[in-house]
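Single-structure report; data block below.
The values are calculated or read from the model by the stated rules, or taken from the named source; none is laboratory data. On a predicted model such as this, the values are computed, not experimentally measured, just so you know. Cβ atoms come from the backbone with ideal geometry, glycine included; neighbour counts cover every protein chain shown.
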Amino acid sequence: MAKQEKAVTKDMLVGMTVVDSDGRSVGTVKDVAFVVGKMGLSLRVEGKKGESRDISWEEVQAIGDFIVLKPAQTQVQETQRTAPTCPTCGGPLRYIEQYQRWWCDRDKKYV
């Protein structure tokens with residue numbers, strides 16, 4: 001059965017809490033914006049101290065009761081450098097960013 005796509009409107013986004021990949025609050029969406037001449041859009045997010053920042057739509061991992069951001073690329077690269085080994089076969093694990101999980105190529109499973 002195919003997963004049904006669900007559209008997200010501006011009205012749904014404005015007022016939502018944004019959290020980073022560790023679950024820490026980044027702020028609240030105040031508006032949705034895009035830059036003339038560039039593809040994509042961004043979220044205008046206001047932090048607890050009133051500071052505003054734009055977060056690119058490409059940085060968003062998931063939307064539910066709140067907006068979850070993808071891990072920072074440097075964090076993912078650091079995690080990959082210290083790759084753990086499979087508890088079953090002892091082989092190296094590979095980090096699958098899309099699913100945020102470790103994969104064992106030998107056992108063909110997530111750990």
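Filtered by the rule that a residue be under 13 Å from the mean Cα position of the chain (by Cα) and part of a strand (DSSP E or B), segment 12-23 gives VAL18, VAL19. Only residues that are among the charged types (D, E, K, R) and exposed (fewer than 10 other Cβ atoms within 10 Å of the Cβ) were counted across segment 65-74, and they come to 1. I want to confirm something. Restricting to segment 8-64 and keeping residues that are surrounded by fewer than 16 Cβ atoms within 10 Å (Cβ to Cβ) and of a type in the set (Asp, Glu), which single residue is nearest to GLN100 (Cα to Cα)? Within segment 8-64, the match that is nearest to GLN100 (Cα to Cα) is ASP22.
Just a yes or no: is a residue in segment 86-94 surrounded by 15 or more Cβ atoms within 10 Å (Cβ to Cβ) and either modelled with pLDDT under 90 or of a type in the set (A, V, I, L, M) (or both)? Within segment 86-94 (the criterion being surrounded by 15 or more Cβ atoms within 10 Å (Cβ to Cβ) and either modelled with pLDDT under 90 or of a type in the set (A, V, I, L, M) (or both)), the answer is yes, since at least one residue qualifies.
Can we say SER21 is of a type in the set (S, T, N, Q) and modelled with pLDDT of 90 or more?
Details: of a type in the set (S, T, N, Q): yes; modelled with pLDDT of 90 or more: no.
No, not satisfied.
Taken together, the residues in segment 24-50 that are in contact (Cβ under 8 Å) with a residue 12 or more places away in the chain and not in a strand (DSSP E or B) amount to 4.
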